[in-house]
Amino acid sequence: MNKIPGISPNLNTTLEEIEQPVLLQPSIKIWKKLRGGFFLVLGYLLSPLCWWNDLLFNLPIAYFFGYLCSFMSPKLLLPCTIIGYWLSNIIGILLMQFGSVDIFQKEPKERNLKKELFNTLVSSTVYTLVIIFLIQLKIIDIPIGLINNS
């Protein structure tokens, strides 16, 4: 084994053992934090936490999803738009979770993906039900393009 000069002989460390983690670790951490930041920002823009995102991101995505579904049946436009809105919120929350883990978690920890997904589904479902409830009470209006004139 090649011993490193200047290192105490009781450490029993080889040059290969020291070089690889030292050279790769900073660049991996930087890329992981950049990826996490990208996912966090993208998730925030899609999540229900951003008050202005619905008009610019979620509703166009949801409407496009509903529009694609309406090719099968025109009556699917509104239900699939609601489902698309729900899915865009879920994806946003999941991206925020994954991004924040990349940024803030110091050491790798075992993650419970099923629990995270379940919590995300529950919170997004509650948020979507609140929006539907507000529409039913006429507190907020449905965009004119989503009303089916059949």
task: Looking only at the range 18-37, decide whether some residue is surrounded by 14 or more Cβ atoms within 10 Å (Cβ to Cβ), modelled with pLDDT under 85 and touching a Phe, Trp or Tyr at 6+ places or on another chain (Cβ under 8 Å).
output: no
- request: Please specify each residue of the range 38-58 satisfying the condition of being exposed (fewer than 13 other Cβ atoms within 10 Å of the Cβ) and at pLDDT below 80.
  value: Trp51, Trp52
- request: Taking Ser88 as meeting all but one of (1) at pLDDT 85 or above; (2) of a type in the set (Ser, Thr, Tyr); (3) not in a helix (DSSP H, G or I), write down the number of the exception.
  value: (3)
- prompt: Name the pairs: first residue in the range 132-143 and over 17 Å from Gly84 (Cα atoms), second residue assigned to a helix (DSSP H, G or I), Cβ to Cβ under 6 Å, at least 6 apart or on different chains?
  reply: Ile140/Leu134
message: If I ask for residues that are in contact (Cβ under 8 Å) with a residue 40 or more places away in the chain, over 19 Å from the mean Cα position of the chain (by Cα) and farther than 22 Å from Val122 by Cβ, which ones from the range 40-88 would you list?
response: Tyr63, Gly66, Pro74, Lys75, Leu77, Leu78
field: Selected residue (only one of Leu68, Leu77 is aliphatic (A, V, I, L, M), assigned to a helix (DSSP H, G or I), modelled with pLDDT of 90 or more and surrounded by 18 or more Cβ atoms within 10 Å (Cβ to Cβ))
entry: Leu77
query: Does Val126 fit the bill of being surrounded by 17 or more Cβ atoms within 10 Å (Cβ to Cβ) and in a helix (DSSP H, G or I)?
result: no
- prompt: Across the range 91-110, what is the number of residues that are aromatic (Phe, Trp, Tyr) and assigned to a loop (DSSP other than H, G, I, E, B)?
  reply: 0
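The values are calculated or read from the model by the stated rules, or taken from the named source; none is laboratory data. Since the structure is predicted, the reported quantities are computational estimates derived from the model, not experimental observations. Counting neighbours? That spans all protein chains shown, and the Cβs are built from the backbone with ideal geometry, glycine included.
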